[in-house]
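Structure, as structure tokens:
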Amino acid sequence: MTELHDYLGLDRQSAVLQWSVILNRGDLEVGRRQESYTPVETLLVFGLAFVVNRGSYGTANLGKVPEPLPTIARLFRRSVSSILAKMGNLDGSRTNGARNEIELAGILGGNLSSYFHLYDVIIDTARSIGLDSQALPDFLGLDSMQGVLGADKVTEDELAAHIEPLAVKWLRERPEIELITTEKLLMGSARIGQARFARAVLTNWNQRCAFCGLTLAGTGLPSGRMLIASHIKPWRHSSNRERLDHRNGLALCPTHDAAFDTFLISVQPDMTLRLAPALEMATRSDPIIARNFGIGVLAGQLHIDSGAVAPRASYLEWHLQQLVREPPEIADRSPQTGTDNAASITRHGSAQLSTQEGIKHEHQPQLAESHPCPCGRSERTSLSGVGRISEKPEPDSRAYKSGG
């Protein structure tokens, strides 16, 4: 029986031997008993969860399972359904996996750097014995993983609340598995699911901020935390399916993510941006805010690249209904000179940014200081008094009506 150390202690010599076993298998035949998975196979299947959502595929649509899973199945001389079943054992969606697989997935999910090391060993040894990228794609691309993991902003508390009912189900169906082991498995699986969402969102938006165009692609600079895979309909308000749907995501730089996350900017059905009245007013009176949120910085309309998919209309509608509506009393003064500065703001280009007229509201909490927009500006932006940011409002049940 394969033990945990056979997976976690995998070295180059063991990997080469296991690749030899895999490559010397006969072709897959109907009715033939399936051979046991080697640690190399199990570890690669674990990594597939970063790029393939197993829950989207079953017996009715096996032919639609995306790459690289079909290629991996052919390499292993296994069926696509076999790979999907093994993924289910490793991500907690099936409760009939072997105990050591459950423990392994919990360990790796909680220590992704250890998994990436094992993945690197497997890919490197495969190349050394002649398996090229067509036979075995480097489907993770570890050079990009820092940016992917940095783009995920779902908190541990949110994940813990999400897995709680799943852990109860596991405790009922597999009482011999310790609760702590189950929780590690489910937490790791949830985190990998969000990494998969982040990867898909960043890819869909071509590694650029959808609002200002910031990108580090091709610069050689580390991209971790410079782009955020932001949920349009927030994670805490979304169903499990919506949380993993990349059409519920925008790639945003930290400053614009903060404004979008707190409903100071939204996107209309025609893909034009809409500013909350408070933020629109602030761009007229504060030059630093204008440099981060003015027309010269924000795109008037989202650009959807060829081959990319637009955000789903239902998510945009939900977000637009939450747009901060109350314009606060903002002193029209320069934060640097203390003088009236409204006349000094010049707008250029076709003013496609629009604002919604709202109702004044006596609740005016302070907007926490955000990171400056990483668009070549070095100034720190203060949005004190612009609108709500301390916590997200609950969904507004009132129908949205466009305004001036």
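Find all pairs meeting these conditions: Cβ atoms under 8 angstrom apart; at least six residues apart or on different chains; first residue within the stretch 267-295 and under 19 Å from LEU250 (Cα atoms) and part of a helix (DSSP H, G or I); second residue basic (Lys, Arg) and at pLDDT below 95. Listed pairs, sorted by first residue: ASN292/ARG377.
Name every residue in the stretch 129-163 that is β-branched (Val, Ile, Thr) and either buried (at least 18 other Cβ atoms within 10 Å of the Cβ) or part of a helix (DSSP H, G or I) (or both), in order of residue number. Walk me through it before giving the result.
Of the stretch 129-163, the ones β-branched (Val, Ile, Thr) are 129, 148, 154-155, 163.
Of everything in the stretch 129-163, those that are β-branched (Val, Ile, Thr) and either buried (at least 18 other Cβ atoms within 10 Å of the Cβ) or part of a helix (DSSP H, G or I) (or both) turn out to be VAL148, VAL154, ILE163.
As a summary of the residue check, SER113 satisfies the conditions (1) surrounded by 12 or more Cβ atoms within 10 Å (Cβ to Cβ); (2) closer than 29 Å to PRO70 by Cβ except for the one numbered (1). Of the listed requirements (1) assigned to a helix (DSSP H, G or I); (2) aliphatic (A, V, I, L, M); (3) without any contact (Cβ under 8 Å) to a residue 60 or more places away in the chain, LEU166 misses just one: (3). Looking at the structure I just gave you, is THR95 farther than 23 Å from ARG241 by Cα, surrounded by 14 or more Cβ atoms within 10 Å (Cβ to Cβ) and among the hydroxyl-bearing types (Ser, Thr, Tyr)? No. Scanning the stretch 294-305 for residues that are under 24 Å from the mean Cα position of the chain (by Cα), at pLDDT 90 or above and of a type outside the set (A, V, I, L, M) yields GLN301, ASP305.
A quick yes/no check of all residues on (1) in contact with an Asp or Glu (Cβ under 6 Å, 6 or more places away or on another chain); (2) among the β-branched types (Val, Ile, Thr); (3) farther than 29 Å from ASP11 by Cβ:
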residue	(1), (2), (3)
GLU35	no, no, no
VAL45	no, yes, no
LYS64	no, no, yes
ASN111	no, no, no
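Hey, among the residues in the stretch 208-235 that are under 17 Å from GLU317 (Cα atoms) and not in a loop (DSSP other than H, G, I, E, B), which one's modelled with the lowest pLDDT?
TRP235
Of the residues making up the stretch 182-200, just one is within 23 Å of ARG247 (Cα to Cα) and of a type in the set (Val, Ile, Thr), namely ILE192.
Scan the stretch 236-258 for residues that are of a type in the set (A, V, I, L, M) and farther than 12 Å from HIS319 by Cβ and jot them down. Break it down into steps so the answer makes sense when it comes.
To start, the set of residues in the stretch 236-258 that are of a type in the set (A, V, I, L, M) comprises 244, 250-252, 258.
If the condition is that a residue be of a type in the set (A, V, I, L, M) and farther than 12 Å from HIS319 by Cβ, then LEU244, ALA251, LEU252, ALA258 are the ones that fit.
Of everything listed in (1) buried (at least 23 other Cβ atoms within 10 Å of the Cβ); (2) over 29 Å from the mean Cα position of the chain (by Cα), the single unmet condition for PRO287 is (1).
Among residues of the stretch 107-135 that are within 15 Å of TRP19 (Cβ to Cβ), those with a beta-carbon under 7 Å from a residue that is in a helix (DSSP H, G or I) and of a type in the set (D, E, K, R) at least six positions away or on a different chain give the pairs VAL121/ARG12; THR125/ARG12.
Would you mind stating whether SER189 is among the polar types (S, T, N, Q), under 21 Å from the mean Cα position of the chain (by Cα) and in the same structural domain as GLY9 (by TED's automatic domain parsing)?
Working: among the polar types (S, T, N, Q): yes; under 21 Å from the mean Cα position of the chain (by Cα): yes; in the same structural domain as GLY9 (by TED's automatic domain parsing): no.
In short, no.
The values are calculated or read from the model by the stated rules, or taken from the named source; none is laboratory data. This one's a predicted model, so the numbers in the text were calculated from it and none came from an experiment. Every residue, glycine as well, gets a Cβ built from its backbone with ideal geometry; the counts of neighbours run over all protein chains shown.
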